[in-house]
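In what follows, a structure is listed as structure tokens, so that the remarks can point back to it.
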Amino acid sequence: MATTARSLHLPTPPKPSNPSSHHRLPVPSHFRPRPQRLVRRLTASSSDLTSFPDPAPTPNGVYVPWAAAHPAAAAAIDVDAATEAELRENGFRSTRRTKLVCTIGPATCGAAELEALAVGGMNVARVNMCHGDREWHRGVIRAVRRLNDEKGFAVAVMMDTEGSEIHMGDLGGAPSAKAEDGEVWTFSVRSSDTSLPDRIIHVNYDGFAEDVKAGDELFVDGGMARFEVIEKLGPDVKCRCTDPGLLLPRANLTIWRDGSVVRERNAMLPTISSKDWIDIDFGIAEGVDFIAVSFVKSAEVINHLKSYITARSRGSDIGVIAKIESIDALKNLEEIIRASDGVIVARGDLGAQIPLEQVPSIQQKIVRMCRQLNKPVIVASQLLESMIEYPTPTRAEVADVSEAVRQRADALMLSGESAMGRYPEKALGVLRSVSLRIEKWWREEKRHEALELQDVSSSFSDKISEEICNSAAKMANNLGVDAVFVYTKDGHMASLLSRCRPDCPIFAFTSSTSVRRRLNLQWGLIPFWLSDSDDMESNLNRTFSLLKARGMVQSGDLVIALSDMLQSIQVMNVP
């Protein structure tokens, strides 16, 4: 449900008294001295992984977004309330660049819990169609939209399809089941309208009993538990637990034989099932921002889904995200990334189909390729798995999160940690604090990558935009600017800037609410809604006035400004 543009606008601010403060290229050799920014820095210790600065409270201790407290001044420009609080509290360079995705489940579906996640830094809310019915998901999606409208956030919504791979049933309504070492469980394709007895699990794939053989290994949920097939009795397959673990409803099943995954039957299953198509229609009707496709095998299915979305929803700009979680996807990796609007590295299911020791190098390869091809990439699965049960993560999990941030992934994703975990807000706080610390370390060490970005333009006009963004990012680093401003209709130039990973944050101004939410997935972008014009000078003057009124910039701040409407670049001090 898109946010409607407000009718109340501030008077047009006067033009700055010193027009020479705006410089077109070439860049002058000196700039006006900038006053020292008075900023209260983070007070949390770098070793306190769950601490992060609280948004500024009112005297009675209740958090009120600036826009809610000053509705008239906020009428002509909107920015995410949590991001605004962070900017005013800590300044430009202390803002988090890595985006955070939270899976919404029973632990976080309430209005208060959703708001707590948004305040804590959630950029994208994910709903997983493997669990719950469509009415439940509709309630979550609309609750997120209400939160955005009423509290000033800009949280995007991602819908994740179930896919047609082999998975377990619903465990008779139980939230989980524990498999202990040596226990014998039965995996059955029998359909039943009643609850199954203990240690009997329904499997969704009718050919399951025919495909497995005695001695095969059965990996549950990417290896969270492991069984050995010991006997087949008609539609039932008896298995002995060899690695104990927690079984969750609708967990994926992977069959291994003689040291390699059994792929023949999985390869024959459709990527998008009949249920998925119904779920996709539901997502289109609800206006989700992204649809993530599970178990993608080729670019063909991505292109087919994009055509379907275009036909079903005229003018819709729903992004299609490819989940990389199978050997088939790795064989067609580049064509899948090129066809998609983004990628999820689903390490749990992927790790069940390739040797474990290959997962880190595959993750890095995917992250680098996505950046080369200008596609946002999300690192997901088991980032903070222990925090489903415990209030602090293992140090190995922290190191894993740090590595994903160091690789400059666009986003990190919580799954069970936020959907059903006991400490969803703390888990989000860990991702946030670790991201901030590793990003700060990277800047302090001046670790500008030598990564050569390949040409991704498809036209001469796109080539101009790409060169402008590459130059602007280099200038931003060399000049030590406070921020890059980009005025964009469709988000493309903002995306190109994000790909360059400049040291400073990128303020992306757009008049489209859907583009604004979609930009919330990309590294370093702070998306604003702004009713802009084709006059760049007018846009800049009005932006400076509005942001200064909200305490987000001050006179003397050095910025670089770009526009995809004029394909221009300017360097200036805020008047």
Number of the exception - residue 516 against (1) modelled with pLDDT of 90 or more; (2) open to solvent by 30 Å² or more (accessible area, probe 1.4 Å): (2)
Inter-residue pairs, beta-carbon under 6 Å, first over 15 Å from residue 260 (Cα atoms) and in region 318-333, second open to solvent by 20 Å² or more (accessible area, probe 1.4 Å) and not hydroxyl-bearing (Ser, Thr, Tyr), 6+ apart: 319/341; 319/518; 320/306; 320/341; 325/349
Any hit, region 182-192, residues being under 29 Å from residue 354 (Cβ atoms), touching a residue at least 40 places away in the same chain (Cβ under 8 Å), open to solvent by 70 Å² or more (accessible area, probe 1.4 Å) and not assigned by TED's automatic domain parsing to the domain that holds residue 348: no
Index of the failed condition, residue 326 passing every other in (1) open to solvent by less than 10 Å² (accessible area, probe 1.4 Å); (2) touching a helix residue (DSSP H, G or I) at 6+ places or on another chain (Cβ under 6 Å); (3) among the polar types (S, T, N, Q): (2)
Selection within region 105-122 - open to solvent by 10 Å² or more (accessible area, probe 1.4 Å) and within 17 Å of the chain's Cα centre (by Cα): 119
Subset tally (residues that are at pLDDT 90 or above, buried (at least 18 other Cβ atoms within 10 Å of the Cβ) and not charged (D, E, K, R)) for region 548-568: 6
Count - residues of region 162-181 that are in a loop (DSSP other than H, G, I, E, B) and open to solvent by 70 Å² or more (accessible area, probe 1.4 Å): 4
Within region 479-513, tally of residues that are assigned to a loop (DSSP other than H, G, I, E, B), open to solvent by 10 Å² or more (accessible area, probe 1.4 Å) and at negative phi: 6
One residue from 395, 432 being within 30 Å of residue 130 (Cβ to Cβ) and not assigned by TED's automatic domain parsing to the domain that holds residue 251: 432
Unmet requirement for residue 149, which otherwise passes all of (1) crowded, with 21+ Cβ neighbours inside 10 Å; (2) outside the structural domain of residue 199 (by TED's automatic domain parsing): (1)
Residue satisfying all of: in region 329-361; over 29 Å from residue 287 (Cα atoms) and open to solvent by less than 30 Å² (accessible area, probe 1.4 Å); modelled with the highest pLDDT among these: 359
Wholly within region 206-316, strands (runs of 3 or more DSSP E) carrying at least 1 residues that are open to solvent by 50 Å² or more (accessible area, probe 1.4 Å): 217-220, 225-233, 236-243, 245-247, 253-257
Evaluation of residue 425 against (1) more than 19 Å from residue 118 (Cβ to Cβ); (2) surrounded by fewer than 21 Cβ atoms within 10 Å (Cβ to Cβ) (one fails), failing number: (1)
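The values are calculated or read from the model by the stated rules, or taken from the named source; none is laboratory data. On a predicted model such as this, the values are computed, not experimentally measured, just so you know. Neighbour counts are summed over all protein chains in view; Cβ atoms, including those assigned to glycine, are modelled from backbone coordinates with ideal geometry. These area figures cover heavy atoms from the full protein model, side chains too; ligands, DNA and RNA do not enter into them. Shrake-Rupley method; radii C 1.70, N 1.55, O 1.52, S 1.80 Å.
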